[in-house]
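Working notes for the structure below.
The values are calculated or read from the model by the stated rules, or taken from the named source; none is laboratory data. These figures come from a predicted structure and were not determined experimentally. Virtual Cβ from ideal backbone geometry, glycine too; neighbours counted across all protein chains shown.
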C-alpha cells in the first residue's frame, strides 16, 4: 500500500474517536462498530434479496450500544442495500428522530469504515482496531449558509460559505483545492464530516486536480483504467450517482 494512503487511513481512523459536530466520540465509535457488524445481520441479508426491502419485516441484529433504532436502521441499510435507499425512507428516519445533520455525519463515518476495511482486506492487511473515545461534546454547529434543494440533505455551496465555516472546499490554491462539485457538496451540511471523508477519498482515488490533469498519471494505473474500474464497481453496487 502506498505510504500516503496508509497514512490517510490511519488519520481518518483516529478521527473516528474525536467528538463530532452531532455525535459524541463514543457514539461515533458505536456507529463505526455497527458498520462493521452490519454485514452479519440476517434481516439485511433477507431485505437485500427481496424484491422490495419494505416487504421484509423484522429487527436488525445489532450490537449493544447507545445508538437509537433510527441510527441502526440507517447504518444497516446504507451498508447492505444502498442502491435502493429513497427520500421517503430518509424522511421517515427524520420523523423517527434522526436529524439530517446527524445523518450526514453518520454517512461519513460509515463511508470511512467501509472504505478502509475494504481496502485493507483487498491489500491483505488486518483490519484496524478501533481507538478509545476522546473526551468532549459535539459542537452542534450548522452552517448558516446551508440550503435545501440539491438533494435530500441541505448543502453548503462554496459561495454560501462564511468565515465561520471550515475551509471544506480548499479555497487556497494548491493540490487540495476542491471546486465544490455536487459529489463534494453531498455531506457539506456538516463540514468536518465532509472533510473527514474527502481527505481519505482523495488518497484512495485521486484529488480533484489530479483527476483533471491528463498530462500525467499519478497512480500505478491510468486515468482511463481508474474510471473503468470505478464505473464497473459503481454499477455492481447500484450507485445511482
All conditions in (1) under 20 Å from the mean Cα position of the chain (by Cα); (2) farther than 21 Å from residue 33 by Cα; (3) surrounded by fewer than 20 Cβ atoms within 10 Å (Cβ to Cβ) are true of residue 169 except (3)
If you scan segment 1-33, which residues turn out to be under 16 Å from the mean Cα position of the chain (by Cα), over 14 Å from residue 133 (Cα atoms) and part of a loop (DSSP other than H, G, I, E, B)?
21, 22
Of everything in segment 67-89, what is in contact (Cβ under 8 Å) with a residue 24 or more places away in the chain and surrounded by 17 or more Cβ atoms within 10 Å (Cβ to Cβ)? Give them in sequence order.
67, 70, 71, 72, 74, 75, 76, 77, 78, 79, 80, 81
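Residues are listed down the side, and each one gets a yes or a no for (1) more than 14 Å from the chain's Cα centre (by Cα); (2) assigned to a helix (DSSP H, G or I); (3) modelled with pLDDT under 90:
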{"position": "192", "(1), (2), (3)": "no, yes, no"}
{"position": "195", "(1), (2), (3)": "no, yes, no"}
{"position": "199", "(1), (2), (3)": "no, yes, no"}
{"position": "231", "(1), (2), (3)": "yes, yes, no"}
{"position": "234", "(1), (2), (3)": "yes, yes, yes"}
Quick one: what pairs do we get from segment 104-125, first residue without any contact (Cβ under 8 Å) to a residue 12 or more places away in the chain, second surrounded by fewer than 16 Cβ atoms within 10 Å (Cβ to Cβ), C-beta under 8 Å, 6+ apart or different chains?
121/127
Looking only at segment 46-56, count how many residues are more than 21 Å from the chain's Cα centre (by Cα) and either within 19 Å of residue 91 (Cα to Cα) or touching a residue at least 12 places away in the same chain (Cβ under 8 Å) (or both).
7
